[in-house]
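Contents: one structure, followed by commentary.
The values are calculated or read from the model by the stated rules, or taken from the named source; none is laboratory data. The model shown is predicted, which means the values in this text are computed figures rather than measured ones. For neighbour counting, all protein chains shown are included, and Cβ atoms are generated from backbone atoms with ideal geometry for every residue, glycine included.
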Amino acid sequence: MSDTGKRTALVYAECAEGALRRVALEALGAARRLAGDGGSVHAVVVGGGASAALQAAAAELAARGAEVVHVVDDPALAGFVPEAYAAAIGAAIAAVQPSIIVLGHTAAGRELAPRVAAAVNGGHIADVTAVDFEDDGGAAAIFTRPLYAGKAFEQRRFLPGATQVITVRPNNLPVAEPVAPGSEGMIAALPYTAPPLWTIVRDVVRKASGRIDLAEADIIVSGGRGVRSAEGFAPLEELAAVVGGAVGASRGACDASYCDYSLQIGQTGKTVTPKLYIACGISGAIQHLAGMSQSRVIVAINKDPEAPIFGVADYGIVGDLFEVVPLLTEQFRAILQKPGP
Ligand SMILES: Cc1cc2nc3c(=O)[nH]c(=O)nc-3n(C[C@H](O)[C@H](O)[C@H](O)COP(=O)(O)OP(=O)(O)OC[C@H]3O[C@@H](n4cnc5c(N)ncnc54)[C@H](O)[C@@H]3O)c2cc1C
């Protein structure tokens, strides 16, 4: 397909525990921009055994600009198996013939996107944090992505004619806005033929159920070795609960068994980009910064004024976290509970 032709985009809209992930709506927003005026945007939702939830997810996508939402609902897709999910997306690709395919840069998206790119013999740009357009009349998109754990950024574009497969980093791109009432898209069931599988999911052991997903949290309150014990996380949990955020941790805190490794942020943990990151008792080692330095606003609380975390912080509070965090919680509680005008 040429760069100037009518673009058709397909979004893989990921669901987690039956609910549409916010990154799916961010991917849809990116797809709508990439398809441009006159282009068309389809979405595919995949799952098994939670049909009502899939239909609700499909309705949300249809209300936010997906012209057709293809629902692949098969008991064989109840658990996430990359080969099976890639085949389900493949069925949607065969139906839609897209020139642009957008997924979230989640654990699942990272597994699926290279398979999808290989299947369509396309190009792949991963972990996109911004999409801009070259002013060359062809509306060629420029994709920004971080390099070297966020120490640099590169800008890439696809060559003309390439089928474009991109993953978008959660929390970086705007979600697709709802379309005018009456302009919602259609929902269509898509038949699925299970491919031969080399692996199956035997069991899933959940470690962080009920918590806000760190990758999609708007606010993260993170604790380090300065928290001193598992009990020391209690004030951080309270602050997170008051502001509607998630709790994260440094590897120092995880290594000391103050919290579970599922909370670890950094080079060997999760990469997060919340609107507000509050680092409590974290020194700011380069490996920690690799996972959080792209946060929009960083607040650091540390009793050592020389701690490297202050080098990336927008606001630094030199003090004891056990005094500062409860004060912040009190202030946020007062502000957030204040009745509006
Ligand atoms: C290959 C490799 C990969 C790694 N990957 C990661 C990773 O993914 N994520 C990660 O985080 N680390 C990672 N690390 C570890 C990293 O190098 C640091 O050791 C770790 O981040 C330190 O954790 P910390 O900041 O909690 O602890 P520390 O460095 O011990 O810092 C504790 C801080 O708490 C402050 N403090 C103490 N008491 C209080 C108090 N009462 N109030 C306020 N402040 C207080 C201290 O001043 C200090 O600055 C990795 C290391 C290697 C070698």
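Identify the single condition in (1) modelled with pLDDT of 95 or more; (2) assigned to a helix (DSSP H, G or I); (3) more than 29 Å from residue 218 (Cα to Cα) that residue 26 does not satisfy, given that it satisfies every other one.
All conditions pass for residue 26, except number (3).
Given the structure, is residue 335 of a type outside the set (Gly, Ala, Ser) and crowded, with 18+ Cβ neighbours inside 10 Å?
It is false that residue 335 is of a type outside the set (Gly, Ala, Ser) and crowded, with 18+ Cβ neighbours inside 10 Å.
For the range 297-310, which positions are in contact (Cβ under 8 Å) with a residue 12 or more places away in the chain and within 12 Å of the ligand (Cβ to nearest atom)?
Of everything in the range 297-310, those that are in contact (Cβ under 8 Å) with a residue 12 or more places away in the chain and within 12 Å of the ligand (Cβ to nearest atom) turn out to be 300, 301, 302, 303, 304, 305, 307, 308, 309, 310.
If the Cβ limit is 7 Å and pairs must be 6+ apart or interchain, which residue in the range 281-296 that is under 25 Å from residue 323 (Cβ atoms) pairs with which residue that is assigned to a helix (DSSP H, G or I) and more than 6 Å from the ligand (Cβ to nearest atom)?
Close Cβ pairs satisfying both conditions: 281/227; 282/309; 283/308; 283/309; 284/308; 284/309; 284/311.
I want to confirm something. Restricting to the range 239-266 and keeping residues that are of a type in the set (Val, Ile, Thr) and closer than 22 Å to residue 287 by Cβ, which single residue is nearest to the ligand (Cβ to nearest atom)?
Of everything passing the filter in the range 239-266, 265 is nearest to the ligand (Cβ to nearest atom).
Within the range 285-293, is there a residue that is surrounded by fewer than 18 Cβ atoms within 10 Å (Cβ to Cβ), near the ligand (Cβ under 6 Å from one of its atoms), at pLDDT 95 or above and not polar (S, T, N, Q)?
yes
Looking at (1) surrounded by fewer than 22 Cβ atoms within 10 Å (Cβ to Cβ); (2) farther than 24 Å from residue 169 by Cβ, find the lone condition where residue 321 falls short.
Going through the list (1) surrounded by fewer than 22 Cβ atoms within 10 Å (Cβ to Cβ); (2) farther than 24 Å from residue 169 by Cβ, residue 321 breaks only (1).
Consider only pairs whose beta carbons are under 7 Å apart and that are at least six residues apart or on different chains; among these, list those whose first residue lies in the range 256-271 and is within 15 Å of residue 233 (Cα to Cα) and whose second residue is part of a loop (DSSP other than H, G, I, E, B) and more than 8 Å from the ligand (Cβ to nearest atom).
Short answer, once both residue conditions are applied: 258/229; 258/230; 259/230; 260/207; 262/207; 262/208.
Restricting to the range 216-227, give me the number of residues that are surrounded by 22 or more Cβ atoms within 10 Å (Cβ to Cβ) and within 14 Å of the ligand (Cβ to nearest atom).
7
A quick yes/no check of all residues on (1) assigned to a helix (DSSP H, G or I); (2) under 23 Å from residue 60 (Cβ atoms); (3) of a type in the set (D, E, K, R); (4) away from the ligand (no atom under 16 Å from the Cβ):
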| residue | (1), (2), (3), (4) |
| --- | --- |
| 176 | no, yes, no, yes |
| 193 | no, no, no, yes |
| 199 | no, no, no, yes |
| 203 | no, no, yes, yes |
| 229 | no, no, no, no |
| 237 | yes, no, yes, yes |
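Has the range 75-93 got any residue that is surrounded by fewer than 17 Cβ atoms within 10 Å (Cβ to Cβ) and touching a His at 6+ places or on another chain (Cβ under 8 Å)?
no
Residues in the range 29-71 that are part of a helix (DSSP H, G or I) and either touching a residue at least 40 places away in the same chain (Cβ under 8 Å) or within 18 Å of the chain's Cα centre (by Cα) (or both): how many?
15
So which residues in the range 132-154 are of a type outside the set (Val, Ile, Thr), part of a strand (DSSP E or B) and surrounded by 12 or more Cβ atoms within 10 Å (Cβ to Cβ), if there are any at all?
Hits for the range 132-154 are 132, 133, 141, 143, 145, 146, 153.
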